[in-house]
Amino acid sequence: MLFENIPYTNFHDLNLDWIIKFIKKIGADEEAQNKDISDLKTRMADAEEWIDNYDPEYIRQTVLSFIKTILATMIFVEITDDGYFVYHIPEGWEDITFNTTGLDIVLELQPEYGHLVLSY
């Protein structure tokens, strides 16, 4: 704080330690700010390098791979016009584990025995 140590009012006993402490604090703050600015410059350089080397085909392949992975393991449930529940289970059965509550899996929300649980 600026006036943590207020200077003496008697000019014969003038003590300027409070000014020295304040200047040191400003110097420490400046060093921290310089470090933050240096970090920001490094991150900006990384971002500029990524922009310069942008490959839309790589991005497209990465996104498609991600979508295929997620959608391939999702189970969609719908109700038909006749009122039946239909489960759309993906072709990749090896990623789906069938469990039964109370037998091989314990669930906090369904502690009773016999509920089918599909995990992936």
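The values are calculated or read from the model by the stated rules, or taken from the named source; none is laboratory data. Remember, predicted model here, so these are calculated numbers, not experimental data. All Cβ positions, glycine included, derive from the backbone under ideal geometry; neighbour counts span all protein chains shown.
Things worth noting here:
- Those strands (runs of 3 or more DSSP E) of the stretch 30-120 in which 2 or more residues are surrounded by 10 or more Cβ atoms within 10 Å (Cβ to Cβ) and modelled with pLDDT of 85 or more are absent.
- For beta carbons closer than 9 Å, sequence separation of 6+ or different chains, a first residue in the stretch 101-120 that is at positive phi and a second that is aliphatic (A, V, I, L, M) and surrounded by 10 or more Cβ atoms within 10 Å (Cβ to Cβ), the qualifying pairs are Gly114/Leu103.
- Residues in the stretch 54-79 that are over 22 Å from Val117 (Cα atoms) and among the β-branched types (Val, Ile, Thr): Ile59, Thr62, Val63, Ile67.
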